[in-house]
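Report on the structure given below.
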Amino acid sequence: MEVFISWLGNTQANRADIEDLIEDILDERGEVAGGGEGDTGGNIDIEIFDDADTKQLMSEIVQAISDQLPSNACYVFEDDEELYLLREQLPGAAQVPMQLRAASDGICGGLNKALEAAARASGEHMPFKCSYGMVEGTTVISQLVGRLPIETVRERLESWVNGEASAMIRQPLGLVGATAWEAYYNGAPVLRVPIP
């Protein structure tokens, strides 16, 4: 079973040390299969062998590395779209309210529909896409994956939320009482939707 760990931003330790820690936990039950770093963040790919207890191993790995990675660090299993934030998997972690998860999914889906519509109308390819949504504390975050200047992203987001995406995005925002949009640059465009 392949598991992909990724994050935006900088780590507390270097990636090689984190990989070594994971290798120690996996022992003969798996291996680090790859990884990388860039301006936006990084990733570590691991392979858990078929006869190993994947759930138990991931629990051990999360407890060992979560304080070394940014709070947005997450993992996903191969052939599964569900994203697991590391900090939410820690023992005693507070569960995210269902309405915030729903809002995150709705915002992400609305953005992609708006992006597709805008690209189709202009005869262009989608300039970037909403890769996934997550909730951090009381903030819904949607990662927009692409390579555009942040000024362009802000301009397009403002246009979409007041135009093509208005119904698709404002409705989930309104359901959770979101009051603002903020696009900022962390190596890649990211949309933050503060929730009061």
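Quick look at the numbers
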{"read-out": "Residue list for the stretch 53-83, filter: in a loop (DSSP other than H, G, I, E, B), open to solvent by 40 Å² or more (accessible area, probe 1.4 Å) and in contact with a helix residue (DSSP H, G or I) (Cβ under 9 Å, 6 or more places away or on another chain)", "value": "Asp53, Ser71"}
{"read-out": "Odd one out for Ala117 among (1) at pLDDT 75 or above; (2) more than 18 Å from the chain's Cα centre (by Cα); (3) open to solvent by 60 Å² or more (accessible area, probe 1.4 Å); (4) not β-branched (Val, Ile, Thr)", "value": "(3)"}
{"read-out": "Residue ID - surrounded by the fewest Cβ atoms within 10 Å (Cβ to Cβ), chosen from residues in the stretch 1-52 that are part of a strand (DSSP E or B) and among the small types (Gly, Ala, Ser)", "value": "Gly36"}
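The values are calculated or read from the model by the stated rules, or taken from the named source; none is laboratory data. Fair warning: this is a prediction, and the values are worked out from it, not measured in the lab. Because the Cβ atoms are built from the backbone with ideal geometry, glycine has one as well, and the counts that use them run over all protein chains shown. Protein only, heavy atoms only, side chains kept; ligands, DNA and RNA dropped before computing areas. Shrake-Rupley method; radii C 1.70, N 1.55, O 1.52, S 1.80 Å.
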